[in-house]
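For reference, the structure is listed below as structure tokens.
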Amino acid sequence: MINRTGEVTGDEDFLNNIRGISFSLFPFIFFLGMAGAIAQPYPDRPIRFLLGFVAGGAVDLTARTLGQKLSERWGQQVIVDNRTGAGGVIVMQVAARAPRDGHTIMMGSSTQFSIGPAMQAGPYSHEPLENFTPISQAVVSPIVLTVHPSLPARSVQELIQYAKTRPGQLSFASPGAGTGSHIAGVFFGRTTGIDIAHVPYKGGGDAIVALIGGHVPIFLGAISTALPHLKSGKLRALGVTETKRLSIAPEVPTIAESGLPGFEVSQWYGVFAPAGIPGAITRKMNGELAAILALPETRERLSSQGLEIAYAPPEVFGPYIRSELVKWTRLLKEMGIQGQ
């Protein structure tokens, strides 16, 4: 009790009970504060979108298309960050060490997650997915066999015959060692029995410039990189490595139908995050990407550059990557072209 002079009198039990109630409420108040902090909407700041290839190529085009749409939908800037080098290995090291809060994502490719690791001599040392959470497969990027107009070959078979009469004199450019384009070139040489050297560049843009300049006679790379120059007549396409002709270039036959049945090399691009990000963020990000890839304007922009929409959710994308790694490891070992 409190008397007229403001002094406390009376039952001490009453005061002790008040103090007890105050201390017992502290964990509850602390929990409410923490819950408010945890419940911040995602994303609450700009997103860094990493990729391991130079600007102007098919991977870069895909990342910038998706990044722009994510910015519009999220109200947060998505910053595309090109970290080139070592066939995409450097950017994987950077991305794997990023905070697991969904504010750093990566555009990955078959080069980094299946074909590249399968190229290593002997069994692959680890599964690339150990350090990453697959969010969504995005597109398939067809590879086109392109030649400089100075080369007299106008078909795959003419190129094979021309190369056989000039062993060791021809070379092909690719966007880099261990890429799908590199594999396609080596595969092409082994299948046809021709001696053709590999000249790796830092990206598809650099490789196509070298081809136009006449520094190399042949290019294997994404059709999105070569397409403008094919339309202008500066370059000539002889075949695509897919199992069917492309709607954007129906006049270009597949390599399989050009006398090499069963020839197929496909490359894909998809979105990844560091392993261990919260499941709620994975689901939200995947839902956004699924919606973006279904938009007519997205499909039109990507397909106009020869990129085919190939959406797959995490539960499908992850097992597919593992199966691709196993398949390419076996095929390259059988053909004796690991470690090249």
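What follows is calculated from the coordinates using simple rules that are stated; it is not laboratory data. None of the values given here were measured: they were computed from a predicted structure. FYI the Cβ positions are ideal-geometry reconstructions off the backbone, even for glycines, and counts take in every protein chain you see.
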Degrees separating the helix 279-293 axis from the principal Cα axis of the chain, which is the longest one: 40
Neighbourhood charge, 12 Å Cβ-Cβ cut-off, centred on Ser136 and excluding it, Lys, Arg +1 and Asp, Glu -1: 0
Mean residue ellipticity (222 nm) of the chain, computed from DSSP H runs ≥ 4 via -39,500 (n - 2.57), nearest 500: -13000 deg cm²/dmol
In Hz, Karplus ³J(HN,Hα) per residue of the stretch 193-210 (6.51, -1.76, 1.60; θ = phi - 60°; x = Gly, Pro): x, 9, 9, 9, 7, 9, 10, x, 10, 6, x, x, x, 5, 5, 5, 5, 5
Coil-residue chymotrypsin sites (Phe, Trp or Tyr not before Pro) of the stretch 240-287, DSSP, other Cβ within 10 Å capped at 16: none
Whether the stretch 40-137 is rounded, prolate or oblate, judged on the alpha carbon gyration tensor where a/c under 1.5 counts as rounded: prolate
Of Lys69/Lys327; Lys231/Lys327; Lys164/Lys244; Lys244/Lys333; Lys69/Lys202, pairs whose Cα-Cα distance is over 32 Å: Lys69/Lys327; Lys231/Lys327
Built amide H within the under 5 Å cut-off of Ala310, gap 5+: Val139, Val140
Separation of the Arg154 and Glu130 label points, Cα + 7 Å toward Cβ, nm: 5.4
Shape call, the stretch 143-258: gyration tensor on alpha carbons, a/c limit 1.5: rounded
Lys/Arg +1, Asp/Glu -1 at C-beta; the stretch 217-340 dipole; positive extreme among Gly233, Ile255, Pro296: Gly233
For peptides 161-167, 91-97, sequence by mean Cβ density within 10 Å, most packed first: 91-97, 161-167
Degrees separating the helix 314-335 axis from the principal Cα axis of the chain, which is the longest one: 30
Principal semi-axes in Å for the chain [√(5λ), Cα gyration tensor, largest first]: 56, 20, 15
14 Å beta-carbon shell around Arg330, net charge (K/R +1, D/E -1): +1
In the stretch 205-290, GluC sites (Glu not before Pro) in a DSSP loop with at most 11 other beta-carbon atoms within 10 Å: Glu251
